[in-house]
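Take a look at the structure set out below.
The values are calculated or read from the model by the stated rules, or taken from the named source; none is laboratory data. On a predicted model such as this, the values are computed, not experimentally measured, just so you know. As a convention, Cβ positions derive from the backbone with ideal geometry for all residues, glycine included, and neighbour counts pool all protein chains shown. Only protein heavy atoms, including side chains, enter the accessible area calculation; ligands, DNA and RNA are left aside. Shrake-Rupley method; radii C 1.70, N 1.55, O 1.52, S 1.80 Å.
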Amino acid sequence: SGARLVLGESRPKVPGSSSSAVAGESHDTMMWSKLREYVALHERDDAGACGVGGEVWPAASALCEWLGNHSAEVCGSRILELGSGTGACGLYAAALGAASVQLTDGGPVELISLARANILRNRHLFRAGSSVEARRLRWEEHSPLPRDADLIIASDVWYRHADGAANAALA
């Protein structure tokens with residue numbers, strides 16, 4: 001339809017932060033190199049009040065492409081997004097016609113507020129009667145996962161490598 005999601009982020013993008021392609025480098029090698037550089041850059045800097053979840057990370061576009069290629073399965077389904085951050089992927093699923101979308105993240109209250117603001121910014125794209133909500137879900141607190149999801153999605157969900165409690169919860 002040509003409609004586009006409108007997403008707020010907690011801080012502006014850093015200009016000039018992507019690497020350039022090297023002659024003869026494969027597409028996959030180039031993409032992994034860019035991703036490593038992107039993660040290293042953003043792990044070092046101040047993530048702001050929303051933490052690292054307050055921006056759209058590179059894998060979100062790949063997951064949205066996958067959702068778009070599987071739109072028949074997404075339409076009418078109940079979606080649970082883990083580590084949703086801004087909500088980009090779950091909001092895209094809602095725009096594809098999901099019956100309900102639950103955006104969840106363990107980040108700070110400001111991040112959940114950002115996801116809720118993004119829901120409001122994009123509600124005109126959702127099918128009539130659909131439900132899109134954002135709530136806090138912290139894995140290390142063993143919060144119960146909603147059991148009614150048809151599809152659970154996640155992209156770029158974990159970057160704090162030294163957090164042993166949360167890593168154990170994922171195991």
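Points to keep in mind about this one:
- Every pair of residues 6+ apart whose Cβ atoms lie under 7 Å, when the first sits in the range 112-124 and is touching a residue at least 60 places away in the same chain (Cβ under 8 Å) while the second is open to solvent by less than 30 Å² (accessible area, probe 1.4 Å) and part of a helix (DSSP H, G or I): L114/G54; N118/L91; N122/L91
- Unmet criterion (only one of (1) modelled with pLDDT of 90 or more; (2) under 20 Å from L7 (Cβ atoms)) for Y159: (1)
- Spans of strands (runs of 3 or more DSSP E) in the range 79-157 with at least 2 residues open to solvent by 50 Å² or more (accessible area, probe 1.4 Å): 131-136
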